[in-house]
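Below: the structure, in structure tokens.
The values are calculated or read from the model by the stated rules, or taken from the named source; none is laboratory data. Everything numeric here is computed off the predicted structure, so don't read it as measured data. Note: ideal-geometry Cβ built from the backbone for every residue, glycine included; neighbour counts use all protein chains shown. Calculation scope for accessible area: heavy atoms of the full protein, side chains included, ligands and nucleic acids excluded. Shrake-Rupley method; radii C 1.70, N 1.55, O 1.52, S 1.80 Å.
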Amino acid sequence: MGMAITHAIASGMGGMRTTGDLVARMQMTKGMKIKEAKEYVANKLGVSVVDLANEAVARELREELNLGLVHELDGYAKGMEAKFRIAKLLGIEIKSVKNFIERAGL
Amino acid sequence: MEKVFTRMGDASGVWLSKEEVRAELEEGTNDAADRGKIPPLTEEELDRLFDICTRREKFVSVEPGNEVVVTFDAGTLKMVRVGVPVDRSQAILIHERALGSDTMELAHIDYSYKQIKPIAHDEKYYMEQAQLGTVIPLFYGAMPNVGLYTQPDGPVPNWSELLPMGKITEAQAAQEEAVEHAERDMVYVGSKMYEGGADGINFDTTGASGDADFLAALRAIRALKEKYPELPIELGMAGEFVLGMHGELYFDGVRLAGLYPHDQVKLAEKAGATIFGAVVNTNSSKSFPWNIARAVTFVKACTEAANIPVHVNVGMGVGAVPVFDTPPQDVVSRASKALVEIGKADGL
């Protein structure tokens, strides 16, 4: 655990504290290398690549776009709700979102 | 003469002169180049690595803008392994909301696809439930672990018993049969988990049982991608070199035994993997500078050959991380920075 977190701090994007989950989704769904994945997400968010891992910028963006926040703020998208917005923002299919739509009869 | 504090591959501390550090770096990169038949690091890259190894800071990191994605093997199991009695769904949220993890992996304590098969419906339900409350991408992962298909626990004769008896043909036949079983189980479990909403399937520690293990994973990936073309798949290796336990297994005409990461990744791509987890073993008798130069040399060759993202394995005993269960942050952070900024890793 401590070792994994060491890597996350030394080299990681920062997960939901920043935009790490979004960049990860582009690598996973489109097989994009890190440069391409970051540029894609930065373009969608309208920020520079450096700001993707800048907590101060990413925090505001996540709140503004309602993409899920790490803090307990009432009234904001959580879990599945946030993933609906992430799929739409990135233009990708998220399997669990697709399942939700089918099973909820939406 | 000024000495630099660094470590051996078993994490024990050692003081080296700067000349010794440089010599270790050169020896490490040359070892990788010789074994992998790949170029050694350039003088400029060695200079950069020397700087990373000899900095006085305890902890180093990448420069702003150079951050990469982190994925995990045995993701939710790690909490249990350090004695934290939390449920797996709680472990996912701890990673998502407290630890800044970019992704997470749902995993069962018996971390092999063969063992997951009888409980796949339970695992699928767990995945479905976890996905409702999770924002970060959530993999499902386990090992191909072809060795589990051997008798007395499994259905095929044990090649580790047959080989010492000189029964080469019988040992090869047993491995070929095990590949069929393993492929079937991995496709079954992978399908279940993807249909349950997994954001990706992780084949972790692939090749642990040798070339048959690697072949089974490649075939399972190809079958899953034919079934679900959009399915993200990460293929993580067990070691830097595919052991030829069979010796004559091929995938798309390429012999698997003896492949290093830069060749392994090409087969991962052909099978349909979307992320490749490269491994470079740590030599516990060698220094950290020797191990990191060697690891970066292999990883650089792999990332240059790859068209898909490469997430380097950097757990205990691989990627220049010492063979020690609490690897020191000084060398772990140095390995992290060097593999990303010189090796050009897309993730860890």
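The table below lists the values:
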| item | result |
| --- | --- |
| Residue within the range A:35-54 that is out of contact with any Lys or Arg (no Cβ under 6 Å at 6 or more places or on another chain), under 20 Å from residue B:131 (Cβ atoms) and either touching a residue at least 24 places away in the same chain (Cβ under 8 Å) or facing chain B (nearest Cβ under 9 Å) (or both) present | no |
| Members of the range B:80-105 found to be among the hydrophobic types (A, V, I, L, M, F, W, C) and within 19 Å of the chain's Cα centre (by Cα), listed by number | B:104 |
| Residue within the range B:53-74 that is modelled with pLDDT of 95 or more and under 18 Å from the mean Cα position of the chain (by Cα) present | yes |
| Inter-residue pairs, beta-carbon under 9 Å, first touching a residue at least 60 places away in the same chain (Cβ under 8 Å) and on the phi < 0 side of the Ramachandran plot and in the range B:243-268, second part of a loop (DSSP other than H, G, I, E, B) and of a type in the set (Lys, Arg), 6+ apart | B:260/B:37 |
| Identity of the residue in the range B:304-332, surrounded by fewer than 24 Cβ atoms within 10 Å (Cβ to Cβ) and assigned to a helix (DSSP H, G or I), that ends up nearest to the other protein chains (Cβ to nearest Cβ) | B:329 |
| Count of residues meeting criterion [under 30 Å from residue B:344 (Cβ atoms) and not in a loop (DSSP other than H, G, I, E, B)] in the range B:83-114 | 6 |
| Residue list for the range B:83-99, filter: open to solvent by 60 Å² or more (accessible area, probe 1.4 Å), within 14 Å of chain A (Cβ to nearest Cβ) and charged (D, E, K, R) | B:97 |
| Residues within the range A:75-91 that are open to solvent by 20 Å² or more (accessible area, probe 1.4 Å) and either under 24 Å from residue A:46 (Cα atoms) or within 9 Å of another protein chain (Cβ to nearest Cβ) (or both), tallied | 8 |
| Scope the range B:183-201; condition touching an Asp or Glu at 6+ places or on another chain (Cβ under 8 Å) and either at pLDDT below 95 or crowded, with 24+ Cβ neighbours inside 10 Å (or both); matching residues | B:189, B:193, B:197, B:200, B:201 |
| Tally of residues being crowded, with 20+ Cβ neighbours inside 10 Å and either closer than 25 Å to residue B:345 by Cβ or within 12 Å of chain A (Cβ to nearest Cβ) (or both) across the range B:100-130 | 11 |
| Selection from the range B:62-82 of residues that are assigned to a loop (DSSP other than H, G, I, E, B) and crowded, with 20+ Cβ neighbours inside 10 Å | B:67, B:70, B:71, B:72, B:73, B:74, B:75, B:76 |
